[in-house]
1. Given the residues Arg114, Arg124, which is the only one that is crowded, with 16+ Cβ neighbours inside 10 Å and charged (D, E, K, R)?
2. Examine region 550-557 for a residue that is at pLDDT below 85, more than 32 Å from the chain's Cα centre (by Cα) and not aliphatic (A, V, I, L, M), and state whether such a residue exists.
3. Which pairs have Cβ atoms under 6 Å, sit 6 or more apart or on different chains, and link a residue in region 393-408 that is basic (Lys, Arg) to one that is buried (at least 17 other Cβ atoms within 10 Å of the Cβ) and modelled with pLDDT under 90?
4. Report whether or not Ala244 is in the same structural domain as Leu298 (by TED's automatic domain parsing), farther than 30 Å from Phe308 by Cβ and of a type outside the set (Lys, Arg).
5. Within region 332-449, which strands (runs of 3 or more DSSP E) (wholly inside it) include 1 or more residues that are closer than 30 Å to Leu486 by Cα and at pLDDT 85 or above?
6. From the list Ser384, Ser438, which one is under 30 Å from Arg491 (Cα atoms), among the polar types (S, T, N, Q), in the same structural domain as Gly480 (by TED's automatic domain parsing) and free of Cβ contacts under 8 Å to residues at least 24 places away in the same chain?
7. Given (1) modelled with pLDDT under 75; (2) touching an Asp or Glu at 6+ places or on another chain (Cβ under 7 Å); (3) not aliphatic (A, V, I, L, M), where does Arg203 come up short, assuming only one miss?
Amino acid sequence: MRQLRAGIMTRNETLARLSREARPYIGRLAVAAALGTLAGVLTTIPPWAFGQIISRVLEAKHPDLGVLYRMLGLVALPLIAAQGATYAQTYATAWCGQNFIATLRLQLVDRILRLPLPVFDRWRPGELISRFNSDLQIVSDAVTTSLPQLVVSVVSFVSNFAVMLWLDWLLTVVLVLVAPVISLAVSRFSRLITRSTTTTQMRIAEVIAALSEVLQGQRIVKAFGREAYEVDRFRERTEDYVTASLKMTQFVQTQPLVVSTIMILAVTVVIWLSAREVLVGRLNVGQVFTYYLLLVNLVNPLNRVASFVGDINRAVVATGRIYEIVDLPTEPVAPAAALPPPSVRGRITFENVRFAYGDGESPALDGVSVDIAPGEIVALVGPSGSGKTTFINLVPRFYQPQSGSISIDGNPLETIPLAALRAAIAIVPQDPQLFRRSILENIRYGRLEADEAAVVAAAREANADEFIAELPDGYATEVGERGVRLSGGQRQRIAIARAILRDPRILILDEATSALDTHSETLIESALDRLLPGRTTLIVAHRLSTIRRADRILYFAHGRIAESGTHDELMALRGAYAALYEAQFAARGA
């Protein structure tokens, strides 16, 4: 499935944006450029010094050893200074690059966390991870390695070319004649590299997405014996990536090969002409030797420039893909003039709300109207796909309805600042989302400023303190990825403790007691008895014990509220709820 794009930036747009966002580093970059320029210019001195040694020492009738020592100094010292300047330039550029990438990485995380759920749901996790891994790595390599070396190589090329032009314009004109051919080759390959890089990054994103999917569904894969099937699917994606990567490598490596071939032909002609220049007396052996060394200095950076340009082209493509995420829309926070209600009492009102997950899809909610009083406990029941989960997802504004209105205490949701709205809500899902941190940190996630005593009190209220105390590290115990080191009931009690610590006015329980053993359910039910009073509570549940706790039951069918009332009232109606109850609970002897 194609992902929702904010708009793919062109190469020029990406470069323009990079130049704007690099302004905070312009001072250091200027110093780095100056150091790179110095390093490039210094490469012209040793060839001249070697020429002097040949002309004034080796070929002279009366060799001057003083000239030899001075020229040896002009060979060694500029090379050492050039290495020092290159080192300083590389470090300065790397400092700017790494800080810029760190900023870019934070922008990525911030934007992903602030994406509206409808936008986030259209992106595969592997696709997002690839932007962090492969794309940022390409950018990092370019700014820390290729860019600083490119500056030195370009300056070295220009400096040596200028000295060669001064030494013998005729020989240098031969090289000038091949410049348009080289420029055409570089331009052509740059376009090919850009396109192949885009394809390669898409393919590696598919590989990462496939791996992420398999790792998350490991139990299902094993349960259905689909290991070989998944390996085959992963092999197909890997082969697609390898094909795309080899194509990109072919273009990247062919570019310097073509440029080198053109230069070799030009150098061959230059050697023939230089020999002729010596024979007619226009140049001496020392000058020709100087020219050859300058030519070596010229060809080597030219080959490297072609490679560095390829790296930077790939980095530009990768940066454009990163900006593609950074430019995605964020959740609308609230109008500038909006003020949070002085205190949330918890009245929830839906008025003729209609919501569909996509254009042309059947509505998940179709004209739903209900008024829930502060402190009321409301159970949402009905068959799968009837609209229960959609209903509770609209309250914290995870999604926004296409029509109708939702309000809290008479304040339309869209006028309440998002932080204020969600600060008044706590959610306990069916599958508690625990982080790979300590139990203390997972509970404190409900209220970050809470002290340890408050965390322990919340855990005690959630009937979690007893099992936590038995763990070797107590509240410092790491729960593992998604809480894998804890049982389902333990994870659920941690989630309830987190909700208790938050002290919300509106509580949402999404199948919080489903799929638990009797002992865990009893402990959680006991914790809920302490948590629910005084809070507006929405409960999506099928268990009779949880539903009977509700002041009112809303029975959903086909995106509408088909029945509303207490358990006894709905049973007396002998309608859809009564049929569901008899089918799901009476048959179990509930």
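1. Arg124
2. Checked region 550-557: no residue is at pLDDT below 85, more than 32 Å from the chain's Cα centre (by Cα) and not aliphatic (A, V, I, L, M).
3. From region 393-408, the pairs are Arg397/Leu413.
4. So Ala244 fails the test.
5. Of the strands (runs of 3 or more DSSP E) lying wholly inside region 332-449, those with at least 1 residues that are closer than 30 Å to Leu486 by Cα and at pLDDT 85 or above span 377-381, 425-428.
6. Ser384
7. Going through the list (1) modelled with pLDDT under 75; (2) touching an Asp or Glu at 6+ places or on another chain (Cβ under 7 Å); (3) not aliphatic (A, V, I, L, M), Arg203 breaks only (1).
Each row is one residue, and each column tells you yes or no for (1) crowded, with 16+ Cβ neighbours inside 10 Å; (2) over 24 Å from Leu528 (Cβ atoms); (3) of a type in the set (Phe, Trp, Tyr).
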position	(1), (2), (3)
Ala364	yes, yes, no
Ile377	yes, no, no
Leu380	yes, no, no
Gly385	no, yes, no
Thr389	yes, no, no
Ile408	yes, no, no
Asn411	yes, yes, no
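The values are calculated or read from the model by the stated rules, or taken from the named source; none is laboratory data. This one's a predicted model, so the numbers in the text were calculated from it and none came from an experiment. Positions of Cβ are generated from backbone atoms using ideal geometry, with glycine treated the same way; all protein chains shown enter the neighbour counts.
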